[in-house]
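What follows is a set of notes on a single structure, which appears directly below.
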Amino acid sequence: MSILGDRVTDMVLPLAVLAASGSAVTAGVVGAAAQLPQVLAALQVGALVDRRERKGLMVIADIVRAVAFVAIGVEVMFGEARVVPLVLLALVTGVGDAVFHASASSYLPSLVGDRDLMRANGLVEASDAAATLTGPAAGGWLLQALGPLVAFVANAMSFVASAMLLARLPKNFPAQQKSGADESVLAGLRLVRRDRAQAVLLVSACYLHLLAAAAFLPLLVRANAELRLTPLTTGLIVSAAGVGGLMSSIVIARFCVLVLPSSAARQGDCG
């Protein structure tokens with residue numbers, strides 16, 4: 001549910017801000033503010049997740065994002081889409097996104113064994129792709145048919161539903177560590193500096209994330225201002241991106257089932 005809410009947000013937030021403010025710059029600044037914490041606060045969030053109970057962090061992140069999206073809907077509908085409140089609220093949602101996804105990644109290994117972890121990750125990616133396939137279209141329809149306030153409130157309800165489902169899971173506490181949060185952050189920086197592969201992966205992920213975000217807003221602006229497409233039509237176009245992601249995740253999950261167990265068995269025979 002939380003992943004679906006993320007994908008609805010990707011569609012509704014820039015379109016609603018663009019329609020309310022009439023400024024692509026404002027929509028871009030708000031969209032960037034929502035993404036910024038996932039880049040700049042990644043190490044701090046990782047240190048937090050290493051020291052706090054993960055299920056509770058996910059529930060809090062969902063509730064905080066739900067409240068923030070209702071506030072964004074009210075601001076867009078009644079507050080003249082002012083830049084400063086929208087940027088601050090977008091930053092709050094970005095921090096919530098970062099905390100939730102880091103906590104979920106750390107929580108997953110406690111639910112499945114090492115043997116099934118790669119397959120579980122593949123299924124998570126499949127759910128992400130499925131949300132990408134349905135979320136933008138749903139968000140576009142809500143925005144077109146019911147308006148921005150209802151669209152943001154409906155999106156907020158998806159985060160509330162996610163929090164309620166997560167509350168049923170067992171708690172997950174990290175292993176006790178003596179080092180402080182600051183030391184953990186510095187350790188992460190030292191690891192990236194020492195390990196060339198880690199540095200390359202980090203830079204590549206940031207670059208691809210930035211590239212995708214930079215391409216998304218001009219698409220929405222062109223669809224809205226030049227092509228005069230409705231939010232629903234734009235959402236259907238954006239949802240098409242989920243087709244490739246869903247197919248690749250299914251292939252990867254199948255690969256893990258068919259190939260990896262036999263490879264492990266061969267390694268065992270050799271041992």
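Readers should treat all values here as calculations from the given coordinates under stated rules, not as data from a laboratory. Just so you know, these numbers come straight off a predicted model, no measurement behind them. Cβ coordinates were reconstructed from backbone atoms using ideal geometry, including for glycine residues, and neighbour counts include every protein chain displayed.
Overview of values
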{"read-out": "Only one of LEU149, LEU169 that is surrounded by 17 or more Cβ atoms within 10 Å (Cβ to Cβ) and at negative phi", "value": "LEU149"}
{"read-out": "Of all residues in the stretch 84-124 being among the charged types (D, E, K, R) and either over 16 Å from the mean Cα position of the chain (by Cα) or surrounded by fewer than 17 Cβ atoms within 10 Å (Cβ to Cβ) (or both), the one that is farthest from VAL251 (Cα to Cα)", "value": "ASP114"}
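Okay, residues lined up against (1) in contact with a Phe, Trp or Tyr (Cβ under 8 Å, 6 or more places away or on another chain); (2) among the β-branched types (Val, Ile, Thr); (3) more than 19 Å from PRO231 (Cβ to Cβ); (4) part of a helix (DSSP H, G or I):
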{"site": "THR26", "(1), (2), (3), (4)": "no, yes, no, yes"}
{"site": "ARG52", "(1), (2), (3), (4)": "no, no, yes, no"}
{"site": "VAL76", "(1), (2), (3), (4)": "yes, yes, no, yes"}
{"site": "VAL84", "(1), (2), (3), (4)": "no, yes, yes, yes"}
